1. Does Ala347 fit the bill of being in contact (Cβ under 8 Å) with a residue 24 or more places away in the chain and either small (Gly, Ala, Ser) or buried (at least 18 other Cβ atoms within 10 Å of the Cβ) (or both)?
2. Of everything in the range 287-307, what is within 21 Å of Leu320 (Cβ to Cβ), touching a residue at least 40 places away in the same chain (Cβ under 8 Å) and not aliphatic (A, V, I, L, M)? Give them in sequence order.
3. Here are some residues: Gly106, Gly64, Gly60. Which one is of a type outside the set (Lys, Arg), within 28 Å of Leu216 (Cα to Cα) and within 16 Å of the ligand (Cβ to nearest atom)?
4. Determine whether Asp159 is part of a strand (DSSP E or B) and more than 16 Å from the ligand (Cβ to nearest atom).
5. Can you work out which of the residues in the range 378-396 that are open to solvent by 10 Å² or more (accessible area, probe 1.4 Å) and in contact (Cβ under 8 Å) with a residue 12 or more places away in the chain is farthest from the ligand (Cβ to nearest atom)?
6. In the range 255-272, what residues are over 14 Å from the mean Cα position of the chain (by Cα) and open to solvent by 10 Å² or more (accessible area, probe 1.4 Å)?
7. Does Glu361 satisfy being closer than 24 Å to Ser305 by Cβ, within 16 Å of the ligand (Cβ to nearest atom) and surrounded by fewer than 24 Cβ atoms within 10 Å (Cβ to Cβ)?
8. Suppose we filter the range 18-59 for residues that are part of a helix (DSSP H, G or I) and open to solvent by less than 20 Å² (accessible area, probe 1.4 Å); how many remain?
Amino acid sequence: MLYGSTRGQAPGIDFVEAMLTGLAPDGGLYVPERWPTLSRDTIAGFAGARYADVAKVVIGAMVGDAIASADLDRMIEAAYAPFRHKAVCPLVQAGDNLFLLELFHGPTLAFKDVAMRLLGQLLDHAPKTRAARATIVGATSGDTGSAAIDAFGGLDHVDVFILYPHGRVSEVQRRQMTGSRAPNVHALAIEGTFDDCQAMVKGLFASPGFREEIGLSVVNSINWARIAAQTVYYFTAAVALGAPGRPVSFAVPTGNFGDIFAGWVAKRMGLPIERLMIGTNENDILARTLATGTYQLRGVIPTTSPSMDIQVSSNFERLLFEASDRDSATVVDAMAELSRTGAFRIAPQALDRIRSEFAAETVDAAAVTDEIAAVQRDNDYTLDPHTAIGLRAARTLLRQNPTTPVVALATAHAAKFPDAVERASGVRPKLPPHLADLLDRPERVSVLPNSRAEVETFIRRHGRVAKHRA
Ligand SMILES: *Cc1c(COP(=O)(O)O)cnc(C)c1O
């Protein structure tokens, strides 16, 4: 099983190397050179199986022989043991043919834990057989950072630097990043937006020599291992609702296009998914792209769903690559155009393909409030704002086709965004017991300007890897 870059200029590498590298050296994203598929019988066999056992098959197909299967199985078991629900990602019914897939039972209360717990295991394992040490740098709109700090805090041979937009994350998100006592993790509040943080991480990669000097790796949603891990719950949810005998649709609150792309991967692997519905907030680049065929950047507007306050939806590059018949020249041209002019056009044929599999809906602040209030009143169930966007979009899909079940991904626990939830529902969601003292923990954070040079200096000064190699 080899992985190549969407930009076509990087040598093929295996799953572990793709995970350790994150972003390909040519600036592209890793995708399997050939898509693995699962037979109908294999998928049917997932009915009633434990989550970890499904994960072993699905992720195993993407890992190939890069990791011994006994090791991979053990890491998968360890990754999902700390989830507070036995089903790991349980499905709950929200209406006729309408379901919520609860992805927030991990340690930091958002779906990012599903991938990050496994990445922690994989990263702990890989350096023993490959690199000596790794420095993880990640940009976060809030949830990736908390999940990474929780999953990697205390690991011996990994240093973690998390960049988040100063003042633009919720208090709970910030506290989860700044409240860690692990000496190998560093929360950096950058004076800029999430897109600035993400551009900074890409810049660090491009900075001559820096990447090798510190053994740099990224754990953003561009990391293939994260996509691979997120594919699993599409299988468990769809099979619980009758797949492979019956198609299922998914509605996904979307920012960086990672989570919903994992759904596309599941479909590509053989899962009968009828439609993938993108739910966005006012930062609606994906909805505009589907409507107009032009991917065009605009400024980021802060919303009550901060984890989706993103314009540059990095993983869209993977879909563009696939929809363009895997033609890397098309991707290279589009990305060059994007950095030159802030926009690119999608060719008509590629756009048609994208539209045949995806739909999109923009859910504004008023609709989010409405959805949270309605579900609190009707179902006595508390939604977080991101999940409300997914559920709202799911209802649209269901109106168009009432016979195919729709699963909305519940990406965060309401207690992660208590202010917005309380304003909408009148109910202040409580943190679960393991986080009850979160708001009392001392905070450790460094505020840095939106300057790559300063961030590089900080990482050199505080990383053990850099010191070790110096
Ligand atoms: C990260 C995140 C999203 C968006 O996921 P992408 O993979 O970036 O599309 C949605 N909801 C929550 C709660 C998140 O943390």
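1. Numbers: in contact (Cβ under 8 Å) with a residue 24 or more places away in the chain: no; either small (Gly, Ala, Ser) or buried (at least 18 other Cβ atoms within 10 Å of the Cβ) (or both): yes.
The answer is no for Ala347.
2. Thr289, Gly293, Thr294, Tyr295, Gln296
3. Selected residue: Gly106, the only one of Gly106, Gly64, Gly60 that is of a type outside the set (Lys, Arg), within 28 Å of Leu216 (Cα to Cα) and within 16 Å of the ligand (Cβ to nearest atom).
4. yes
5. If we take residues in the range 378-396 being open to solvent by 10 Å² or more (accessible area, probe 1.4 Å) and in contact (Cβ under 8 Å) with a residue 12 or more places away in the chain, then Asn379 is farthest from the ligand (Cβ to nearest atom).
6. Within the range 255-272, Lys267, Arg268, Gly270, Pro272 qualify.
7. On the way: closer than 24 Å to Ser305 by Cβ: yes; within 16 Å of the ligand (Cβ to nearest atom): yes; surrounded by fewer than 24 Cβ atoms within 10 Å (Cβ to Cβ): yes.
Taking the combined requirement at face value, the residue satisfies it.
8. Keep residues of the range 18-59 that are part of a helix (DSSP H, G or I), which gives 18-21, 40-44, 51-59.
Now drop any that are not open to solvent by less than 20 Å² (accessible area, probe 1.4 Å), which leaves 18-19, 43, 51-52, 54-55, 58-59.
Total satisfying the criteria: 9.
The values are calculated or read from the model by the stated rules, or taken from the named source; none is laboratory data. Worth saying up front: this structure is predicted, and the values here are computed from it rather than measured. With ideal geometry, Cβ positions are generated from the backbone for all residues, glycine too; neighbour counts draw on all protein chains shown. Surface areas here come from the heavy atoms of the whole protein model, side chains and all, with no ligands, DNA or RNA. Shrake-Rupley method; radii C 1.70, N 1.55, O 1.52, S 1.80 Å.
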